[in-house]
Structure formats: structure tokens, C-alpha cells
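Novice: Please read through the structure below; I'll follow up with questions.
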Amino acid sequence: MEVDLAELKLSEKLLKMYEEFLLYVERESVEFKRDQSKKLEEQLNKKILWLKSYITHLENCGEKLKEGSDYWAQHEKHELIIKYFENEYIENKKDILYLWCITCSDIVSSQAKNSFEIKKFNKYKTHLEHKIKAIRKNKKTIYLTCNDCSEKNNENTIIFCSEVSEWFDSI
Ligand SMILES: [Zn+2]
Ligand SMILES: [Zn+2]
């Protein structure tokens, strides 16, 4: 296998962005509450470390993250929510749904409304604004479950279930 150059470039860009953001938080921590900035620094450091190993993995011809499952696995047990992205620059806002991580203040994944994946999109839409959790059942399988619907229906509501890449835990 060859090095996935596009993914590598993207990851390096992301790494640079996080590093710059961390510098900013460290420098301007007066703007944040003390404990808030400490928490943010911790989160950013974790992300930077993870991205560095991911970049090494890519440089060694490793596969790129699997859409969906591998991204969910990065936010295991975090507080997630499904929502439309509130950005005035985006046209047709209602045509794209995001899985948003409240814990990290970051996008986990997105689902566009297109003819190939309309079922998937609609499934996300049924859980709009609901609290979601990503739960690993074992090394291989990850579930997206809806807390709100689980409580309401008094049974575990699984939205999606997918397989995590085999190499995921080794980086
Ligand atoms: Zn998260
Ligand atoms: Zn729900």
C-alpha cells in the first residue's frame, strides 16, 4: 500500500491548527476561566498526541480512518448531540446534519442529505437534538445509542452499529 498523501496532508494541517490553538489558549488563558483553560489545554494536548501517532501511522502506509465508526470511537463515552450546523455562511443548512461532541466542542461526523444516503440521513434526523453516546461493545464493534429515546422507550435505542478499524487501538 502507498502513503495516503491527501489524508496525510489534511492531518498535518489539523495538527498545526490544534498546536496554534493550544499556544493561543496558553498565552491568552486570562480570557478563559482558570479551570476551563486547563481542561481545554488537556483536551488539545490529547488531540495533538493522537494526531502525531496517526500521522506516523499514515507515513508507514497505514489506512486512513474509517468514516463513521473510527470517528465515533475517538469520542467514546463523550456527550454527543445531533444537530444542524449553525453557520450563516452555509446554504441549505437543513441538508446536512452533524454529530457534535459537547465534551470536545468538535464535529465528530456529518451526514449530508443525498440520494444515496437518504435513509441514513433520515435516521439521524429522527434523533435531532437528542443526546447520543458512542459505546464500544468490544474491540471491534461500536454503537451509537440515543439516550433520550432509550429513556423514553425504556429500552436501549441503537441508531447505528459499525466496525472499528483493526489498527485503531494501536495508535
Ligand atoms: Zn469528544
Ligand atoms: Zn433519539
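Novice: Mind jotting down the distance between the C-alpha centroids of region 157-171 and region 1-78, whole Å?
Specialist: Result: 18 Å between the Cα centres.
Novice: By count of other Cβ within 10 Å, fewest leading, how are D35, D148 ordered?
Specialist: If I rank by nearby Cβ atoms, fewest first, I get D35, D148.
Novice: Of the options H75, H57, L14, report the single residue whose Cα projects farthest towards the positive end of the charge dipole of the chain (beta-carbon charges: Lys, Arg +1; Asp, Glu -1).
Specialist: In the chain, that residue is H75.
Novice: Enumerate the calculated ³J(HN,Hα) couplings along region 76-83 in order (Karplus 6.51 cos²θ - 1.76 cosθ + 1.60, θ = phi - 60°), each rounded to whole Hz, writing x wherever the residue is Gly or Pro.
Specialist: Result, ordered by residue: 4, 6, 7, 8, 10, 8, 9, 7 Hz.
Novice: Moving on. Choose one answer from A73, A112, A134: the residue with the largest mean-square fluctuation in a GNM of the chain with alpha-carbon springs under 10 Å.
Specialist: A112
Novice: What is region 1-134 by shape, rounded, prolate or oblate, if you read a ≥ b ≥ c off the alpha carbon gyration tensor as root eigenvalues and call it rounded for a/c under 1.5, prolate for a/b larger than b/c, and oblate otherwise?
Specialist: Numbers: a/c = 1.90, a/b = 1.17, b/c = 1.62.
Oblate.
Novice: Collect residues whose amide H, placed 1.01 Å from N in the peptide plane, falls under 5 Å from the amide H of T141; neighbours closer than 5 in sequence don't count.
Specialist: Counting only residues 5 or more places away or on other chains, the set is V164.
Novice: Can you give the Rg to Rh ratio for region 5-59, taking only C-alpha atoms and Rh from Kirkwood?
Specialist: With Rg and the Kirkwood Rh in hand, the quotient comes to 1.08.
Novice: Let me know the volume per residue of the alpha-carbon convex hull for region 90-133, in Å³. Present the calculation step by step, with values, prior to reporting the outcome.
Specialist: Numbers: hull volume 3.5 nm³, N = 44.
Residue-normalised Cα hull volume stands at 80 Å³.
Novice: Continuing with the same structure: Please identify the cysteines of the chain that lack any partner cysteine with a Cβ under 4.7 Å from their own Cβ.
Specialist: Cysteines lacking a close Cβ partner in the chain: C61, C161.
Novice: Charges at C-beta only: +1 for Lys and Arg, -1 for Asp and Glu. How large is the resulting dipole of the chain about its Cα centre, in Debye rounded to 20?
Specialist: So the dipole magnitude of the chain works out to roughly 540 debye.
Novice: With the cut-off at 1.5 for a/c, could you classify region 69-170 from its C-alpha gyration tensor as rounded, prolate or oblate?
Specialist: prolate
Novice: Here's something else I'd like to know. How would you classify region 111-168 from its alpha-carbon gyration tensor, with a ≥ b ≥ c the square roots of the eigenvalues: rounded for a/c under 1.5, else prolate if a/b is greater than b/c, otherwise oblate?
Specialist: Taking the square roots of the gyration eigenvalues as a ≥ b ≥ c, region 111-168 is oblate.
Novice: Between beta-carbons, use under 13 Å as the cut-off and find the net charge around S170, counting Lys and Arg +1, Asp and Glu -1.
Specialist: With Lys, Arg at +1 and Asp, Glu at -1, the net is -3.
Novice: Along the charge dipole of the chain, pointing to its positive end and built from +1/-1 on Cβ of Lys, Arg, Asp and Glu, which listed residue (Y24, S170, F85) has its Cα farthest out?
Specialist: Going by the Cα projections, it comes out as F85.
Novice: Let me ask you something else. Using a 10 angstrom cutoff on alpha carbons, build the Gaussian network for the chain and name the most mobile of L144, L23, L65.
Specialist: L23
Novice: Let me ask something else. By counting other Cβ atoms within 10 Å of each Cβ, how are E155, E91 ranked from fewest to most?
Specialist: Lowest to highest Cβ neighbour count: E91, E155.
Novice: Comparing I118, I107, I55, which has the greatest mean-square fluctuation in the GNM of the chain with Cα pairs linked when under 10 Å apart?
Specialist: I118
Every number in this text was worked out from the coordinates using simple rules, so none of it is lab data. Being a predicted model, the structure only gives us computed values, none of them experimental. Because the Cβ atoms are built from the backbone with ideal geometry, glycine has one as well, and the counts that use them run over all protein chains shown.
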